[in-house]
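Here's the structure, in structure tokens; my notes come after.
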């Protein structure tokens, strides 16, 4: 560089510095009164992270953080204090009215701060120059000041994420904001404005965006005289209470780019008038549940459509016309197609492959015969045109019944694919993957979920190069391999590994790595060897139903302290339960049932206050039940059955007032059944104490368990009478529905139909009372027959006396009735034949007498005479003893006293003939003589006449 050039450069730099300094001298400084106002404002603000540290008295307020001044006048025109940092950086406190000194303020942004439910200051309505006001997410609540209507120049108003409370806000003030272009009132309670909210909004001709989600609006008017806000481009009315059809005035908003009406209760069919909304880019009508009919053709001409969400409705028919229509667009822009959980069917057209912008395909659960919609009822083969969707990132095809074969051709061009979900959680495998073991896919997956598809018998080799995998879910895939070495060498760090319900075998290595809050499910395979021990990041661990053996690692609680759910049941584990499990402070589910564990139950329960399920059944645990279990106040399921536990029930268990299932059966527990079970555990659904050594009576407080559905205290040493208050067990009078299934967990053995049955998935349907094999005495209380939903009643092997209640026919749903091995007497009530659901009956070895009732389907039970044996005075079919005394049928259509063989039937016929002939001879012997002999007839009627006169005279005398 020459000297001249160098000197010129130095001169230019010097000149620029002079100009910068000169310019800064020319720029007006902030006004003193506005600076004082801002300092006063700061004094009342809580600033935990010191965000306003630049606001110092001696400085120029135009240089303060968040303060913007006019370059011409120096007045503060914008105050932007939006919190874009973590919540602990949010401003709070009080907003001082000194801000009114900012008379030229055009923009005020206090969004995403925390003003702790205070009301919006009334003086905000006095900022005459304000054009932008954003208070969203700032935790304001209460009434919105009406004088905001004075902000006639306001163009942008955002009060979204309003603090929810019971205060109902008016909306009429909005009509004064004629310049408004953007309005967001998300979360503001506008319930009282439901009848006129639309008329108010219709006064805003410049409005471009309207956001009114979660505003408790109930009325979506079907029509308005004219639409004044036709410039609207974004309309969000989601999560309200609309239960009407989609109104026609919406189709006048031809500039709409986004229409969101999701999560209402809209109904009816979709109109073809959607074709008039040619600018539409986003349409969300999901989760209305009542929108029905076919996909309108009008949706297929919306070439600008980028996102369509119609999931969780009742749409039916084919989507072919819609897809074919979009494929005709020069450049179809559809990126998201969500039609899940409808009733769609038909073939998926091959034109789907022309939607080259499609990134998210969410079509679960329909009835297609050729492709997609997971969670609808789809099926059929997947067309190869699917492989043309090069932009596809997320493919949701789960919960359908796919058939056929998936080859490399279906996947070869899906280079953008990151998530794939296909099949359904079922053993019914009808879709097969036929992919070469040396094929290298073009995609790099993060999430793979394949269920109910035939991938086996080898571990899927197309995962070999998927080094970004974070979640692997492969169930019911017919894989009978071991975990291959190449999978371990990938050194993945996973969020989820779920390969349950296969036939995988071998040992599970400890080298697998997991991210924070990870889930592992290896259930229902053939894994063997010791339990794997992984990093502390694991939160859920399901290893049930395998062949793991050896002791539970002693340090399992310290190695995985953040565990929330652990199920290692149905394995071959032995040894004791490690005390370190007490370190799992966040544990909610602890299931170690059906192993060979021994020793005493550790006393570590105080350190796990969040436990919800404890199941240690089917082991050989001994000793007493630790008292500290009673400190699990949120415990719902306590299952300790089939062990060698002894002692009494610890009184501390009365603190577990949320218990839904208490199963302590098949142990050596003793003492009396505590009354507090009935008085404290009002939510109890299952009480199972069978096969122990409990003594005493059934406390009457048990009758307070109004939702109880299974009561089993059989095979104990209980005595006394069955309390009459059993009629108060209203749980046996109500119908449970599928929504109650979550209340039942695990498996339970119940004696029904004469044998021990195991229930799991349909446990909520079981209604059983089993008091058998005790020493109960007295009569069967008639009140028990009011439990008309009862399915099983077993009172056998007791010392009950008296008669079977005559109202036994009230048991509408009973399937098993066992009253055997007692001292019951009297007749079998005729109403027993009305038990049309009964399929197992045992009345043997009592003192019953009289004829066995017959009729209805009760006849099908009488093929087995052993159900009546041991009752010497019973007669009738199917016993050999005949009944000779005719009985009166208990009700029309049932002959309780029918003869037992052909001879009895013949005797009855002759009886009827004899009675008939006697009536015929007697009637005509008397009446015939009166007809033939006139003199006898006259004497007879004269005698009758005199007799009537005497009776009349006698009455007159009185």
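Computed from the coordinates by the stated procedures, all read-outs in this text should not be read as laboratory data. Quantities reported herein were computed from a predicted structural model and do not represent experimental measurements. Neighbour counts run over all protein chains shown; Cβ positions are idealised from the backbone, glycine included.
Just check the range 445-499 against the gyration tensor rule for me: Cα atoms, a ≥ b ≥ c as the square roots of the eigenvalues, rounded for a/c under 1.5, and otherwise prolate or oblate depending on whether a/b exceeds b/c. Oblate shape, in that a/c is at least 1.5 and b/c is the bigger or equal ratio.
Based on Cα atoms of the range 427-475, Rg over Rh with Rh as the Kirkwood radius reads 0.95. The packing ranking, built from the mean of other Cβ atoms within 10 Å per residue, places the peptides 503-515, 330-342, 650-662 in the order 330-342, 650-662, 503-515, highest first.
The share of alpha-carbon pairs in the range 79-179 lying farther apart than 23 Å comes to 21%.
Take the Cβ-Cβ distance between residue 32 and residue 80 as r, set R0 to 22 Å, and report the resulting FRET efficiency rounded to the nearest 0.05. The value I calculate is 0.50.
The alpha carbon convex hull volume per residue for the range 512-594 rounds to 77 Å³.
Among 827, 122, the order by Cβ neighbours within 10 angstrom, fewest to most, reads 122, 827. At full extension, residue 279 and residue 122 could sit 52.6 nm farther apart than now, given 0.36 nm per residue minus the alpha carbon distance. Relative to the current alpha-carbon distance between residue 607 and residue 489, full extension at 0.36 nm per residue lengthens the span by 38.6 nm. Between residue 103 and residue 697, the modelled labels are 9.0 nm apart [label points 7 Å from Cα along Cα→Cβ]. The calculated FRET efficiency for residue 717 paired with residue 765, based on their beta-carbon distance and R0 = 41 Å, is about 0.85. When you count the other C-beta atoms within 10 angstrom of each residue and take the mean per peptide, 108-120, 33-45 line up highest first as 108-120, 33-45. Is the range 848-887 best put as rounded, prolate or oblate by its Cα gyration tensor, with a ≥ b ≥ c the root eigenvalues, rounded for a/c under 1.5, and otherwise prolate when a/b is larger than b/c, oblate when not? The shape class here is oblate. The modelled label-to-label distance for the pair residue 458/residue 70, using points 7 Å beyond Cα in the direction of Cβ, is 7.8 nm. Against the empirical 2.2 N^0.38 Å (N residues), the range 463-526 has a Cα radius of gyration ratio of 1.05. Once you divide the Cα radius of gyration of the range 213-307 by 2.2 N^0.38 Å, the number left is 1.01. Size check on the range 567-649: the Cα extents along the three principal axes, sorted descending, read 28, 27, 21 Å.
For the range 378-473, just say rounded, prolate or oblate: build the C-alpha gyration tensor, square-root its eigenvalues into a ≥ b ≥ c, call rounded for a/c under 1.5, and beyond that prolate if a/b exceeds b/c, oblate if not. Rounded, because the longest to shortest axis ratio a/c is under 1.5. Annotation for residue 147 and residue 503: the two label points, set 7 Å from Cα along the Cα-Cβ direction, are 8.1 nm apart.
Kirkwood radius for the range 114-235, taken over all pairs of different Cα atoms as the inverse mean of 1/r, rounds to 14.5 Å. As a calculated quantity, the FRET efficiency between residue 314 and residue 468 at R0 = 51 Å, using C-beta atoms, amounts to about 0.85. Principal axis extents of the Cα atoms in the range 683-737, from largest to smallest and rounded to whole angstrom, are 35, 21, 14. Relative to a virtual label point 7 Å from the Cα of residue 554 in the Cα→beta-carbon direction, which members of the range 565-584 show backbone nitrogen distances below 16 Å? Backbone N within reach: 574-583. Applying 0.36 nm per residue to the separation of residue 734 and residue 54 and subtracting their alpha-carbon distance, the gain on full extension is 238.0 nm.
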